[in-house]
1. Among the residues of segment 42-53, are any touching a Leu at 6+ places or on another chain (Cβ under 9 Å), in a helix (DSSP H, G or I) and exposed (fewer than 13 other Cβ atoms within 10 Å of the Cβ)?
2. Looking only at segment 1-41, count how many residues are surrounded by fewer than 12 Cβ atoms within 10 Å (Cβ to Cβ) and either on the phi > 0 side of the Ramachandran plot or not in a helix (DSSP H, G or I) (or both).
3. What are the residues in segment 1-29 that are of a type in the set (S, T, N, Q) and touching a residue at least 12 places away in the same chain (Cβ under 8 Å), if any?
4. If I filter segment 30-81 down to residues being of a type in the set (Ser, Thr, Tyr) and either touching a residue at least 12 places away in the same chain (Cβ under 8 Å) or touching a helix residue (DSSP H, G or I) at 6+ places or on another chain (Cβ under 7 Å) (or both), which single residue comes out as nearest to Leu10 (Cα to Cα)?
Amino acid sequence: MANYVKLVLLLSRVEDRKVVIGLYSYAHDVQNQFTETGFAHLSEFISNFNEPIKRLSDEFSRNHIRTLEEALKSLLHPYQV
């Protein structure tokens, strides 16, 4: 999760994000010889990137809150006093 946040903050400083997206797509295609299935989502996420902290908050609240909640609930029983 820390690397994800670092990447998002780093990308927020890049002026021409579409070039970064294109280079990522090309490098992935050359290395793996197939197109990344999540490329459209990644492209949309990075292209519409204005406020990185707000965007991270939205992304985590929508997608990751359930996973974190389940992980924390799984620790309840072993560490219950």
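All of the numbers you see were taken from the coordinates with simple rules; none came from a lab. Not measured: the values here are computed from a predicted model. Please note: Cβ atoms are built from the backbone with ideal geometry, for glycine as well, and neighbour counts cover all protein chains shown.
1. Going residue by residue through segment 42-53, those that are touching a Leu at 6+ places or on another chain (Cβ under 9 Å) are 46, 49, 52-53.
Of the ones still in play, those that are also in a helix (DSSP H, G or I) are 46, 52-53.
Those still in the list that are exposed (fewer than 13 other Cβ atoms within 10 Å of the Cβ) too: 53.
Yes, the conditions are met somewhere in segment 42-53.
2. 9
3. At the first step, the residues of segment 1-29 found to be of a type in the set (S, T, N, Q) are 3, 12, 25.
Once the filter is applied, which keeps residues that are of a type in the set (S, T, N, Q) and touching a residue at least 12 places away in the same chain (Cβ under 8 Å), segment 1-29 yields Ser12, Ser25.
4. Restricting attention to segment 30-81, the residues satisfying the condition of being of a type in the set (Ser, Thr, Tyr) are 35, 37, 43, 47, 57, 61, 67, 74, 79.
Filter once more, so that each one left must be either touching a residue at least 12 places away in the same chain (Cβ under 8 Å) or touching a helix residue (DSSP H, G or I) at 6+ places or on another chain (Cβ under 7 Å) (or both): 35, 43, 47.
On the way: Thr35: 24, Ser43: 15, Ser47: 14 Å.
So, considering only residues that are of a type in the set (Ser, Thr, Tyr) and either touching a residue at least 12 places away in the same chain (Cβ under 8 Å) or touching a helix residue (DSSP H, G or I) at 6+ places or on another chain (Cβ under 7 Å) (or both), the one nearest to Leu10 (Cα to Cα) is Ser47.
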